[in-house]
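The values are calculated or read from the model by the stated rules, or taken from the named source; none is laboratory data. Here the structure is a predicted model, which means the values were calculated and not measured. In this analysis, Cβ positions are derived from the backbone assuming ideal geometry, glycine residues included, and neighbour counts consider all displayed protein chains.
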Amino acid sequence: MSKITAEKVREFRAEAKFQRSSPQKTKLVLDTIKGMRVEQALNTVHFSTKRMGPVVEKVLRSAIQNATYASQEQGLDIDVDNLYVRTAVANDGPRMKRIRPAPMGRAFRYQRRLTHIIVTVAEKNSTTEAVAIAHGPEATEKTTAKPVAKKPTAKKAPAKKIAAKKAAIKKVAAKKSAK
């Protein structure tokens with residue numbers, strides 16, 4: 001068994017809470033930018049036709065600014081051109097309950113959904129990120145590789161199948177002609 005160990009990757013995140021859109025609609029935009037380099041992700045979101053595009057772009061720009069600010073404050077050597085979108089999540093926020101008038105004096109309830117958007121950017125390292133993308137973020141700390149044994153598959157001879165089908169067809173034909 002081999003263990004893969006890697007240094008901790010610095011992540012920089014930004015959040016936008018209580019956004020007036022459903023998480024399902026926001027995830028459509030976020031799924032397009034996951035794993036992309038920051039520059040390409042900004043272009044993708046900027047030219048998106050979805051209503052949440054500008055909001056996601058604002059959050060992404062904030063995450064980039066957080067990375068540059070942290071690199072200046074803590075003296076880290078972070079290359080902004082080397083950043084990529086590590087995670088982009090739209091979580092469910094609180095729901096606003098509303099009432100719509102209905103026929104015959106009744107009322108229908110509906111919900112206005114809110115979203116919490118979280119975007120995380122990290123610097124691209126060749127070894128660490130290849131492991132994280134392939135095995136998930138947990139694999140960067142400890143990973144044990146186990147060989148996967150293949151099960152033998154039983155294959156039936158195609159000639160037997162064909163012969164069985166022909167025999168079944170002959171039986172059906174013999175029953176029809178006997179009637």
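So is THR115 closer than 25 Å to LYS27 by Cβ, β-branched (Val, Ile, Thr) and free of Cβ contacts under 8 Å to residues at least 12 places away in the same chain or not? It would help to see each step written out before you state the result.
On the way: closer than 25 Å to LYS27 by Cβ: yes; β-branched (Val, Ile, Thr): yes; free of Cβ contacts under 8 Å to residues at least 12 places away in the same chain: no.
It is false that THR115 is closer than 25 Å to LYS27 by Cβ, β-branched (Val, Ile, Thr) and free of Cβ contacts under 8 Å to residues at least 12 places away in the same chain.
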List every residue pair whose Cβ atoms sit under 9 Å apart, with the two residues 6 or more apart in sequence or on different chains, where the first one lies in segment 162-175 and is exposed (fewer than 10 other Cβ atoms within 10 Å of the Cβ) and the second, anywhere, is of a type in the set (Phe, Trp, Tyr).
none
Which of the residues spanning segment 43-102 are free of Cβ contacts under 8 Å to residues at least 40 places away in the same chain, under 19 Å from ASP31 (Cα atoms), polar (S, T, N, Q) and exposed (fewer than 15 other Cβ atoms within 10 Å of the Cβ)?
ASN43, THR49
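Any idea which of THR26, THR87, THR49 is of a type in the set (Ser, Thr, Tyr) and closer than 26 Å to ASN125 by Cβ? Spell out how you get there, then give the answer.
Details: THR26 fails: closer than 26 Å to ASN125 by Cβ; THR49 fails: closer than 26 Å to ASN125 by Cβ.
That would be THR87, the only listed residue that is of a type in the set (Ser, Thr, Tyr) and closer than 26 Å to ASN125 by Cβ.
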When you go through ILE78, ILE118 one by one, which is the residue that is assigned to a strand (DSSP E or B), aliphatic (A, V, I, L, M) and on the phi < 0 side of the Ramachandran plot?
ILE118
Answer yes or no: is there a residue in segment 105-115 that is surrounded by 10 or more Cβ atoms within 10 Å (Cβ to Cβ), of a type in the set (Lys, Arg) and either modelled with pLDDT of 90 or more or out of contact with any strand residue (DSSP E or B) (no Cβ under 9 Å at 6 or more places or on another chain) (or both).
yes
Which residues, counting only those in segment 18-31, are buried (at least 18 other Cβ atoms within 10 Å of the Cβ) and either out of contact with any strand residue (DSSP E or B) (no Cβ under 7 Å at 6 or more places or on another chain) or among the acidic types (Asp, Glu) (or both)?
VAL29
What number of residues within segment 17-33 satisfy the criterion of being outside any helix (DSSP H, G or I) and under 17 Å from THR87 (Cα atoms)?
1
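From the list VAL9, VAL89, VAL55, which one is closer than 16 Å to ILE118 by Cβ, out of contact with any Phe, Trp or Tyr (no Cβ under 7 Å at 6 or more places or on another chain) and either charged (D, E, K, R) or not in a strand (DSSP E or B) (or both)?
On the way: VAL9 fails: closer than 16 Å to ILE118 by Cβ; VAL89 fails: either charged (D, E, K, R) or not in a strand (DSSP E or B) (or both).
After applying the criteria, what remains is VAL55.
Would you confirm, using the coordinates I've provided, whether GLY35 is at positive phi and loosely packed, with under 12 Cβ neighbours inside 10 Å?
Values: at positive phi: yes; loosely packed, with under 12 Cβ neighbours inside 10 Å: no.
So GLY35 does not fit the description; no.
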